[in-house]
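A short worksheet on the structure shown next.
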Amino acid sequence: MKQIAMLALALVLPLSAAADDNEKKTKKVDYRPEIHGTVRAKYEYQPEINSGRFQVRTARVSIEGKVAPIVAYKAEIDLSDEGQIKMLDAYTRLTPLKDLDFTIGQMRVPFTIDAHRSPHQQYFANRSFIAKQVGNVRDVGATLGYKITGSLPLTLQAGIFNGSGLTNQKDFWTNNINYSAKAQWQLPKGFNITLSAQKIKPENISINMYDGGLTYKAGRWMVEAEYLYKHYTQDAFKDVNAFDGFICYDLPLKKVFSKISFLGRFDYMSDHSDGTADDNGRLYITDYERKRVTGGITLSIAKPFISDIRINYEKYFYNSGATPKVSEQDKFVIEFMTRF
């Protein structure tokens with residue numbers, strides 16, 4: 001309980017200390033709410049089973065804005081997250097100082113690179129293993145963020161969370177603290193380094209995760225590599241290693257499409273458990289070890305990440321004895337993404 005109280009004070013005290021200074025600000029603020037949405041509809045065909053399907057993968061709607069110069073909010077819901085309705089973001093953000101913010105509510109925790117991208121910002125039709133299985137965490141809690149400006153900008157984020165996920169909040173009480181911390185450092189020549197760490201406890205076993213990645217942007221090129229290490233305490237499950245690396249080249253166009261992007265990706269994940277125990281209290285494999293090579297093109301209409309057509313082919317490689325999930329096999333994908 002002392003740890004919880006100390007962490008809460010560390011998050012709240014900077015807000016009260018700066019409140020008087022912000023009341024003196026007279027800068028005009030636009031209080032009109034902004035409404036955004038993302039729709040992703042796609043068709044997938046799997047040659048191995050000679051079957052295909054249409055799917056609405058994403059139908060997100062969000063509203064965000066300010067109610068005071070230092071108080072912002074966001075609420076986002078997905079009407080079709082793999083066929084289910086899910087409340088994603090619901091938080092209040094206070095910015096008592098220019099480069100300091102405090103956020104409380106439901107949000108994606110500050111961890112990894114690829115898992116933190118919104119659907120309209122993704123480079124491929126389907127997410128990497130890091131973003132989908134290994135490092136994909138949304139939770140309820142509070143974060144503190146601080147930006148250090150200058151020639152080498154540094155963004156720091158840290159938070160504490162329930163560990164209850166998105167749907168188990170009403171009767172959830174815990175003496176356990178889940179935490180996450182992330183640092184993003186912009187370097188010269190288009191390089192960006194991201195380091196993050198996270199501790200979660202889905203059930204009775206604590207899981208510690210560490211992630212590091214490097215992004216390089218120069219002209220029409222973008223290259224990114226990310227590695228995640230996942231450790232289960234009490235030797236409950238073998239440690240997980242995951243990797244995601246991709247390259248993208250943009251070619252501007254003059255008619256119909258604003259550009260065409262050529263993409264290639266390799267990602268890997270060893271045998272993985274999401275932390276759920278079986279009837280005997282033991283963790284089990286929820287995702288078998290696999291490698292995947294993805295190649296494709298993206299046709300951008302108007303601005304990039306506003307209206308894109310993503311055409312991908314995914315080739316999976318499993319070890320003998322593994323049982324692939326129906327949706328985790330070789331496939332062709334064509335996806336239409338619209339952001340408004």
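The values are calculated or read from the model by the stated rules, or taken from the named source; none is laboratory data. Just so it is clear, the structure is predicted and the values come from calculations on it, not from any experiment. Quick reminder, even Gly has a Cβ in these numbers, built from the backbone with ideal geometry, and neighbours come from all protein chains shown.
So for region 15-32 (the condition being outside any loop (DSSP other than H, G, I, E, B), at pLDDT 55 or above and loosely packed, with under 14 Cβ neighbours inside 10 Å), does at least one residue qualify?
No; the residues of region 15-32 include none that is outside any loop (DSSP other than H, G, I, E, B), at pLDDT 55 or above and loosely packed, with under 14 Cβ neighbours inside 10 Å.
Check region 204-223 and report whether any residue there is under 23 Å from residue 117 (Cβ atoms), in contact with a His (Cβ under 9 Å, 6 or more places away or on another chain), in contact (Cβ under 8 Å) with a residue 60 or more places away in the chain and aliphatic (A, V, I, L, M).
Yes; the residues of region 204-223 include at least one that is under 23 Å from residue 117 (Cβ atoms), in contact with a His (Cβ under 9 Å, 6 or more places away or on another chain), in contact (Cβ under 8 Å) with a residue 60 or more places away in the chain and aliphatic (A, V, I, L, M).
I'm trying to understand the selection: among the residues of region 269-320, which are in a strand (DSSP E or B) and farther than 23 Å from residue 331 by Cα?
We begin by selecting, within region 269-320, every residue in a strand (DSSP E or B); these are 269, 272, 277, 283, 287, 290-301, 307-318.
277, 283, 301, listed by residue number.
Just to be sure I understand, how many residues within region 62-85 are crowded, with 16+ Cβ neighbours inside 10 Å and either closer than 19 Å to residue 336 by Cβ or touching a residue at least 60 places away in the same chain (Cβ under 8 Å) (or both)?
Number satisfying all stated conditions: 3.
Failed condition for residue 275, given (1) at negative phi; (2) in contact with a strand residue (DSSP E or B) (Cβ under 6 Å, 6 or more places away or on another chain), with all others met?
Only one criterion is unmet by residue 275, namely (1).
Among the listed residues 160, 113, 77, 85, which satisfies the condition of being in contact with a Gly (Cβ under 7 Å, 6 or more places away or on another chain) and closer than 30 Å to residue 334 by Cβ?
One residue alone meets the criteria, 113.
Find the residue count for region 36-58, including only residues that are under 15 Å from residue 126 (Cα atoms) and either at pLDDT below 95 or not hydroxyl-bearing (Ser, Thr, Tyr) (or both).
Final tally of qualifying residues: 12.
If I filter region 161-171 for residues that are under 30 Å from residue 84 (Cβ atoms) and modelled with pLDDT of 90 or more, do I get at least one hit?
Yes; the residues of region 161-171 include at least one that is under 30 Å from residue 84 (Cβ atoms) and modelled with pLDDT of 90 or more.
Could you list, in sequence order, the residues of region 128-152 that are crowded, with 18+ Cβ neighbours inside 10 Å and either farther than 20 Å from residue 211 by Cα or not small (Gly, Ala, Ser) (or both)? Even if it seems obvious, please write down each step before you answer.
Keep residues of region 128-152 that are crowded, with 18+ Cβ neighbours inside 10 Å, which gives 128-131, 133-137, 139-145.
Residues satisfying the conditions are 129, 130, 133, 134, 136, 137, 139, 140, 141, 142, 143, 144.
Can you run down the residue pairs with Cβ atoms below 8 Å, 6 or more apart or on separate chains, where the first is in region 266-282 and more than 18 Å from residue 324 (Cα to Cα) and modelled with pLDDT under 90 and the partner is assigned to a loop (DSSP other than H, G, I, E, B) and among the aromatic types (Phe, Trp, Tyr)?
276/284
Can you tell me which of 63, 130 is at pLDDT 95 or above, part of a helix (DSSP H, G or I) and either of a type in the set (Val, Ile, Thr) or in contact with a His (Cβ under 7 Å, 6 or more places away or on another chain) (or both)?
Sole residue among the options that is at pLDDT 95 or above, part of a helix (DSSP H, G or I) and either of a type in the set (Val, Ile, Thr) or in contact with a His (Cβ under 7 Å, 6 or more places away or on another chain) (or both): 130.
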